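Enquirer: Below: one structure in structure tokens.
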Amino acid sequence: MTETPEVPHVAFGSRPLLLKVYVVLAWITGTAITILELVALPLKWWANSPALGNGLGVVHGMGLYPLYVVVCLVVAFGYRVSIPHMAVMALAGLLPFASPLVAHWTLKHIDAREAEKAAKAAAKADRAARKKAARQQQPAAADSEALPSA
């Protein structure tokens, strides 16, 4: 069984601006599509009241969702997310409740990758420090052997 590295919790305020924008847009887009599909469309069909659906549909379809997809693409390429993951990120803006959940999943994925990168960098620095210390001890040992003993 493989062990997964412990991923530290990263506070929202300490995240890069791009990830903050992604999370906020995910919540706004997710809330808009949820209201649109679970409130506005039933009102339109059953109560014959299209007012909320028309306005919110235009805001979501012409403004929020395209912006959300662009931010998803920038995040995906910036943090080297796989293409299937990128597709899930973009399509989550079309399903109620999905985009905030996918944003949370994406942030956990990015945090795990960043922790793995940091662990690899620390291990590499540790190996370099050990190698340097070993090189510094070798000449001292050679000098002590070269001294004539009385």
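Enquirer: Please enumerate the residues belonging to segment 1-25 that are under 23 Å from A98 (Cβ atoms) and modelled with pLDDT of 90 or more.
Expert: Result: L18, L19, K20, V21, Y22, V23, V24, L25.
Enquirer: Could you tell me which residue of segment 62-76 is surrounded by the fewest Cβ atoms within 10 Å (Cβ to Cβ), considering only residues that are farther than 9 Å from A90 by Cα and without any contact (Cβ under 8 Å) to a residue 12 or more places away in the chain?
Expert: M62
Enquirer: Taking segment 110-134 as the region of interest, how many residues are surrounded by 12 or more Cβ atoms within 10 Å (Cβ to Cβ), under 19 Å from L19 (Cα atoms) and out of contact with any Phe, Trp or Tyr (no Cβ under 8 Å at 6 or more places or on another chain)?
Expert: Summing the residues that are surrounded by 12 or more Cβ atoms within 10 Å (Cβ to Cβ), under 19 Å from L19 (Cα atoms) and out of contact with any Phe, Trp or Tyr (no Cβ under 8 Å at 6 or more places or on another chain) in segment 110-134 gives 6.
Enquirer: Could you tell me whether any residue of segment 82-91 is of a type in the set (S, T, Y), out of contact with any strand residue (DSSP E or B) (no Cβ under 9 Å at 6 or more places or on another chain) and surrounded by fewer than 18 Cβ atoms within 10 Å (Cβ to Cβ)?
Expert: The answer is yes, given that some residue of segment 82-91 is of a type in the set (S, T, Y), out of contact with any strand residue (DSSP E or B) (no Cβ under 9 Å at 6 or more places or on another chain) and surrounded by fewer than 18 Cβ atoms within 10 Å (Cβ to Cβ).
Enquirer: Of everything in segment 26-42, what is surrounded by fewer than 16 Cβ atoms within 10 Å (Cβ to Cβ) and at pLDDT below 75? Give them in sequence order.
Expert: P42
The values are calculated or read from the model by the stated rules, or taken from the named source; none is laboratory data. Just so it is clear, the model here is predicted, and its values are computed rather than measured. With ideal geometry, Cβ positions are generated from the backbone for all residues, glycine too; neighbour counts draw on all protein chains shown.
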